[in-house]
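This report concerns only the one structure given below.
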Amino acid sequence: MENTKSDKKETNQNLARFVRVAEKSDLTDGSGKVVNVDGRSIALFRGKDEYFALANVCLHRGGPLGEGSLNGSTITCPWHGWKFDVRTGSFTVIPTLKVPTYKVKEHNGSVMVEIP
């Protein structure tokens, strides 16, 4: 079966894309930053020269994870102390509860987040 132009357009619109959200120099190890992409609030972190991104909303009461403190790979929500693994988005007490995460890469000094 042959794809029509409209089928190809739909397929291309469903593909994820990387979006520049910060410069490498904007983040130091252990620091976080809140960025907004396509109406999504994303908490961006740098730890040991790795970058992590997750939804900027705590599962408990919607606290701003991007304003929390990062210790190793654990982010602590500033409102009520809930802790999440920035690598997986898992709540440390009940790992099956997860905050959505995003793939992150550095390219030519820019930090890029994959938006589905």
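The values are calculated or read from the model by the stated rules, or taken from the named source; none is laboratory data. For clarity, every value in this text was computed on a predicted model and none was experimentally measured. Cβ placement follows ideal geometry from the backbone for every residue including glycine, while neighbour counts extend to all protein chains displayed. Heads up: the accessible areas ignore ligands, DNA and RNA and are worked out on the full protein's heavy atoms, side chains in. Shrake-Rupley method; radii C 1.70, N 1.55, O 1.52, S 1.80 Å.
Is it true that V99 is at pLDDT 95 or above and surrounded by 19 or more Cβ atoms within 10 Å (Cβ to Cβ)?
Yes: the conditions hold for V99.
Please find, among I94, I75, the residue that is touching a Gly at 6+ places or on another chain (Cβ under 6 Å) and either surrounded by 15 or more Cβ atoms within 10 Å (Cβ to Cβ) or over 18 Å from G30 (Cα atoms) (or both).
When all the criteria are applied, what remains is I75.
So which residues in the range 19-40 are hydroxyl-bearing (S, T, Y) and closer than 15 Å to P64 by Cα, if there are any at all?
S31 - this is the single residue of the range 19-40 that is hydroxyl-bearing (S, T, Y) and closer than 15 Å to P64 by Cα.
Conditions tested, residue by residue: (1) outside any strand (DSSP E or B); (2) loosely packed, with under 14 Cβ neighbours inside 10 Å; (3) of a type in the set (S, T, N, Q); (4) out of contact with any Lys or Arg (no Cβ under 8 Å at 6 or more places or on another chain).
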residue: I42; (1), (2), (3), (4): no, no, no, yes
residue: L54; (1), (2), (3), (4): no, no, no, yes
residue: C58; (1), (2), (3), (4): yes, no, no, yes
residue: W79; (1), (2), (3), (4): yes, no, no, no
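Just checking, how many residues over the range 102-116 are farther than 17 Å from G32 by Cα, open to solvent by 20 Å² or more (accessible area, probe 1.4 Å) and outside any loop (DSSP other than H, G, I, E, B)?
Residues meeting the conditions: 2.
Do we have V86 as under 13 Å from the mean Cα position of the chain (by Cα), at pLDDT 95 or above, open to solvent by less than 20 Å² (accessible area, probe 1.4 Å) and closer than 18 Å to S25 by Cβ here?
No; evaluated as a whole, the condition is false for this residue.
Enumerate the pairs (first residue in the range 50-64 and over 17 Å from L27 (Cα atoms) and of a type outside the set (A, V, I, L, M, F, W, C); second residue anywhere and open to solvent by less than 30 Å² (accessible area, probe 1.4 Å) and in a loop (DSSP other than H, G, I, E, B)) with beta-carbon separation below 6 Å, excluding pairs fewer than 6 apart on the same chain, so at least 6 apart or on different chains.
So the pair list comes out as G63/C77; P64/N56.
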